[in-house]
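Notes follow once the structure below has been shown.
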């Protein structure tokens, strides 16, 4: 049962091997974080997507690649005043180190004199909350489909010894193909 020729994709051994490799990759990125890999001048700001305790999230377009991203702009003074410096730095390190299909990725990060910038993958479908409000409730097959993705995302995070503390429809985004992405919430402890 343990050899690769007889193992199937969903076998527990394959899952364990995947999670072990994922943890190894995470630790490498955690121990050697990337910093300031872009600048504000690299992006065109398009519109505000939302606001939070420490700042706002804007839809931006990378000038050279033309890719769209969600830029989280955090006011340094507010972060310090609300004693969230350590949390914010941990959030950035975690987001730059995780790599899983159902979690929003950090693509770029940088800072200036006033703000911290986290440029995240832009998920086009919007919040699950908006979809739920519009249609009332999901069918049972849809609910199972989404629940399975949340379970997989949490299994990945838990294998990294991370706990996500703000699961709610506002923090679940739906991509253009209908899959979920667990996002980083606006303000408050996340991990």
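The numbers here are math on the coordinates, done by the rules we state, and not lab data. Worth saying up front: this structure is predicted, and the values here are computed from it rather than measured. Methodologically, a virtual Cβ is constructed for each residue, glycine included, from the backbone with ideal geometry; neighbour enumeration extends over all protein chains shown.
Tabulated values for the structure
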quantity: Simple label model, 7 Å out from Cα along Cβ direction - residue 90 to residue 135, nm; calculated: 3.6 nm
quantity: Among 82, 160, 59: highest mean-square fluctuation, GNM of the chain, C-alpha pairs under 10 Å; calculated: 82
quantity: Simple spin-label estimate for residue 150 and residue 21 in nanometres, 7 Å along Cα-Cβ; calculated: 2.9 nm
quantity: With Cα atoms, 0 to 90° folded angle of helix 140-159 axis to the chain main axis; calculated: 80 degrees
quantity: Distance in nm between pseudo-label sites at residue 124 and residue 63 (7 Å out along the Cβ direction from Cα); calculated: 2.5 nm
quantity: Selected from 139, 176, 159 as most flexible by GNM, with the chain as the system and alpha-carbon contacts under 10 Å; calculated: 139
quantity: The stretch 92-166, Cα convex hull volume normalised per residue, Å³; calculated: 129 Å³
quantity: Among 87, 142, 131, residue whose mean-square fluctuation peaks in a GNM of the chain (springs only between Cα atoms under 10 Å); calculated: 142
quantity: Equivalent ellipsoid semi-axes, the stretch 51-191, via Cα gyration tensor eigenvalues times 5, rooted, Å; calculated: 26, 17, 15
quantity: DSSP beta bridge pairing in the chain, given as percent antiparallel to the nearest 5; calculated: 95 percent
